[in-house]
Amino acid sequence: MKKVFTLLLWSVLGSPVILQAQTGNKPAKDAAIVTGKYRNLFKEAGYQQKDIDAKVAKAYNDLFESPNGIYFEVEDSLAYVSDVKNRDARTEGLSYGMMVAVQLNKKEAFDRIWRWSKKYSQHQEGPRKGYFAWSINPKTNKPNSPGSASDGEFYFITALLFASNKWGNNTGINYYKEARFILDEMWKKDGTGNIYNLINTEHKQISFVPEGNNYNWTDPSYHLPAFYEVWAQYAKDGHEDFYKACADTSRAFFKRSTHPVTALNPDYAEFSGAPHSTRWMPAAFRYDSWRVPMNIAMDYVWYGKDRVWQRDYAQRFQNFLRSKGMDRFDDQFELDGSRPEFILQAGPVKKLRHSIGLIATAASASLMNPNENSLDFVHKLWNAKLEPFEDGYYDAYYDGLLYLFCLMHLSGKYQIIHAK
């Protein structure tokens with residue numbers, strides 16, 4: 001039986017909005033987990049399959065096989081993904097690189113990145129055992145910070161489970177064992193050394209950082225309900241019901257943390273969904289926020305357990321950006337859609353941009369939007385180019401990875417990888 005509960009949606013206007021949300025839903029009948037089929041929205045928009053395949057291949061080559069890319073092979077069998085402009089290797093990018101590699105069947109790249117991550121980033125002892133230092137200096141292979149950013153671990157775990165399903169565990173790396181090591185060590189964290197579970201177990205939500213007070217708030221873009229569903233099916237660690245509950249909680253959290261009109265969400269949030277400001281910036285829709293529509297679209301396509309709300313969200317989000325001008329919408333906003341008072345700087349110039357990373361994730365929302373006019377975002381992404389701005393700013397790393405992820409989503413190449 002479906003349980004129905006009432007959610008109080010936070011509103012920047014201070015007026016609460018009451019929504020009904022459901023937990024325990026079964027996947028939609030046409031969800032990929034049921035049918036094994038994934039929409040190719042580029043093809044539906046009129047593009048030829050050979051051109052779609054070529055576009056995805058070019059994006060991969062530009063990022064992973066180009067001298068101006070973000071992937072660097074080192075030593076005999078290692079490689080790392082670098083946030084080039086910040087001159088470090090982050091668990092975000094390392095784990096994203098592994099997810100790209102397993103989805104596109106690039107086993108050598110996957111294995112190289114994992115070996116580097118395990119050797120230089122993963123803690124093998126102490127209170128942080130099993131977790132990863134979120135930023136490494138690739139010239140010295142030393143941590144810039146020993147602490148973890150919880151989303152990196154989430155992508156590592158899921159990518160390793162997919163690799164286990166895709167390639168087995170007898171080709172040099174026992175991927176399942178490595179995924180379980182992270183999960184099993186996560187469940188041992190009890191606050192010793194001020195280190196906690198990646199998931200705030202009381203609130204059933206991913207923590208911003210599983211350390212100290214940062215365990216007590218979250219980042220909306222870290223919420224990946226589809227990944228919890230994968231863990232519930234394939235981790236086999238005895239926490240299946242908890243992971244399913246976390247997936248439902250994240251779906252409910254999206255309702256609370258997104259603005260009722262613009263659908264914008266803050267970079268950081270309380271577990272209630274209310275914005276969380278930090279000492280380094282006030283709460284607003286900024287770079288982390290771009291990932292939320294992509295995460296919701298993934299859950300919509302893969303599992304389809306909250307489709308009515310997700311469709312409405314996609315329409316509100318795309319309508320808002322469209323209202324700002326398809327060829328000029330900015331990449332940061334106050335949650336009500338106004339121009340931000342504080343601009344978070346990226347690169348040498350503090351300015352708002354029309355960024356390809358946000359163009360990409362906005363296009364991924366078309367997978368949820370039933371309106372035919374949502375294809376304007378699909379065409380916009382198709383025609384977008386990952387190249388420097390006029391002032392020379394170029395981000396092959398964050399913009400580039402979101403661009404590639406969303407090309408994969410929209411072409412049906414980003415999939416649940418099942419055990420053979």
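Among residues of the range 55-79 that are closer than 17 Å to A360 by Cβ, those with a Cβ under 9 angstrom from a residue that is modelled with pLDDT under 95 and surrounded by fewer than 17 Cβ atoms within 10 Å (Cβ to Cβ), sequence gap 6+ or separate chain, pair up as D62/N68. Filtering the range 335-355 to residues that are out of contact with any Ser or Thr (no Cβ under 9 Å at 6 or more places or on another chain), open to solvent by 10 Å² or more (accessible area, probe 1.4 Å) and of a type outside the set (A, V, I, L, M, F, W, C) leaves S338, R339, E341, Q345, G347, P348, K350, K351, R353, H354. In the set L358, L375, L407, only one residue is of a type in the set (A, V, I, L, M), in a helix (DSSP H, G or I), open to solvent by 10 Å² or more (accessible area, probe 1.4 Å) and on the phi < 0 side of the Ramachandran plot; that residue is L375.
Answer with yes or no whether G152 is surrounded by fewer than 20 Cβ atoms within 10 Å (Cβ to Cβ) and either in a helix (DSSP H, G or I) or modelled with pLDDT under 95 (or both). Judged against the criteria, G152 is not a match.
Just wondering, is there one or more residues in the range 308-327 that are modelled with pLDDT of 95 or more, β-branched (V, I, T) and part of a loop (DSSP other than H, G, I, E, B)? Working first, answer last.
Narrowing the range 308-327 to residues modelled with pLDDT of 95 or more: 308-327.
Those left that are additionally β-branched (V, I, T): 308.
Narrowing further to those that are part of a loop (DSSP other than H, G, I, E, B): none.
Checking the range 308-327: not a single residue is modelled with pLDDT of 95 or more, β-branched (V, I, T) and part of a loop (DSSP other than H, G, I, E, B).
Only one residue in W167, W187 is touching a residue at least 24 places away in the same chain (Cβ under 8 Å) and either closer than 21 Å to A133 by Cα or touching a Cys at 6+ places or on another chain (Cβ under 8 Å) (or both). Which one? Of W167, W187, the one residue that is touching a residue at least 24 places away in the same chain (Cβ under 8 Å) and either closer than 21 Å to A133 by Cα or touching a Cys at 6+ places or on another chain (Cβ under 8 Å) (or both) is W187.
Consider Y393 carefully, then state whether it is under 25 Å from D62 (Cα atoms), in contact with a helix residue (DSSP H, G or I) (Cβ under 6 Å, 6 or more places away or on another chain), surrounded by 15 or more Cβ atoms within 10 Å (Cβ to Cβ) and of a type in the set (F, W, Y). Answer is no for this residue.
Residues checked against (1) in contact with a Lys or Arg (Cβ under 8 Å, 6 or more places away or on another chain); (2) among the hydroxyl-bearing types (S, T, Y); (3) without any contact (Cβ under 8 Å) to a residue 12 or more places away in the chain:
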residue	(1), (2), (3)
Y222	no, yes, no
A232	yes, no, no
G238	no, no, yes
D241	no, no, yes
R251	yes, no, no
R256	no, no, no
D267	yes, no, no
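Return yes when L198 is in contact with a Leu (Cβ under 7 Å, 6 or more places away or on another chain), open to solvent by less than 50 Å² (accessible area, probe 1.4 Å) and either of a type in the set (S, T, N, Q) or modelled with pLDDT of 95 or more (or both) and no when it is not. It is false that L198 is in contact with a Leu (Cβ under 7 Å, 6 or more places away or on another chain), open to solvent by less than 50 Å² (accessible area, probe 1.4 Å) and either of a type in the set (S, T, N, Q) or modelled with pLDDT of 95 or more (or both).
You will find that of G130, G126, the residue that is under 19 Å from H239 (Cα atoms), in contact (Cβ under 8 Å) with a residue 40 or more places away in the chain, of a type in the set (G, A, S) and in a loop (DSSP other than H, G, I, E, B) is G130 and no other.
The rows are residues; the columns are (1) hydroxyl-bearing (S, T, Y); (2) closer than 22 Å to F320 by Cβ; (3) under 13 Å from the mean Cα position of the chain (by Cα).
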{"position": "P220", "(1), (2), (3)": "no, yes, yes"}
{"position": "L224", "(1), (2), (3)": "no, no, yes"}
{"position": "A235", "(1), (2), (3)": "no, no, no"}
{"position": "H239", "(1), (2), (3)": "no, no, no"}
{"position": "F242", "(1), (2), (3)": "no, no, no"}
{"position": "T258", "(1), (2), (3)": "yes, yes, no"}
{"position": "N295", "(1), (2), (3)": "no, yes, yes"}
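Of all residues in the range 37-48, those that are at pLDDT 95 or above have Cβ atoms under 9 Å from Cβ atoms of residues that are open to solvent by 50 Å² or more (accessible area, probe 1.4 Å) and of a type in the set (D, E, K, R), 6 or more apart or on another chain, in K37/D30; Y38/K413; N40/K413; F42/D51. Of all residues in the range 320-334, those satisfying the criterion of being open to solvent by less than 50 Å² (accessible area, probe 1.4 Å) and either at positive phi or over 22 Å from the mean Cα position of the chain (by Cα) (or both) are G325, M326.
Restricting to the range 87-98, name every residue that is at negative phi and either part of a loop (DSSP other than H, G, I, E, B) or surrounded by fewer than 24 Cβ atoms within 10 Å (Cβ to Cβ) (or both). Don't jump to the end; show me each part of the working.
Initially, the range 87-98 is screened for residues at negative phi, giving 88-98.
Matches in the range 87-98: D88, E92.
Based on this model, can you work out whether D336 counts as in contact with a Gly (Cβ under 6 Å, 6 or more places away or on another chain) and under 24 Å from Y268 (Cβ atoms)? Answer is no for this residue. Considering only residues of the range 265-317 that are basic (K, R) and closer than 20 Å to P340 by Cα, which is surrounded by the most Cβ atoms within 10 Å (Cβ to Cβ)? Per the stated criteria, the residue is R291.
What are the residues in the range 30-43 that are assigned to a helix (DSSP H, G or I) and touching a Leu at 6+ places or on another chain (Cβ under 8 Å), if any? Give the steps one after another, and end with the answer.
Quick first cut of the range 30-43, residues assigned to a helix (DSSP H, G or I) only: 32-35, 41-43.
If the condition is that a residue be assigned to a helix (DSSP H, G or I) and touching a Leu at 6+ places or on another chain (Cβ under 8 Å), then L41, F42 are the ones that fit.
For the range 67-86, filtered to residues that are part of a loop (DSSP other than H, G, I, E, B) and within 24 Å of the chain's Cα centre (by Cα), the residue that is modelled with the lowest pLDDT is N68. Of all the numbered requirements in (1) in contact with an Asp or Glu (Cβ under 9 Å, 6 or more places away or on another chain); (2) on the phi > 0 side of the Ramachandran plot, H259 misses one, and that requirement is (2).
The values are calculated or read from the model by the stated rules, or taken from the named source; none is laboratory data. This is a predicted model, so every value here is computed, not measured. Virtual Cβ from ideal backbone geometry, glycine too; neighbours counted across all protein chains shown. The area values use the complete protein model at the heavy-atom level, side chains included, leaving out ligands, DNA and RNA. Shrake-Rupley method; radii C 1.70, N 1.55, O 1.52, S 1.80 Å.
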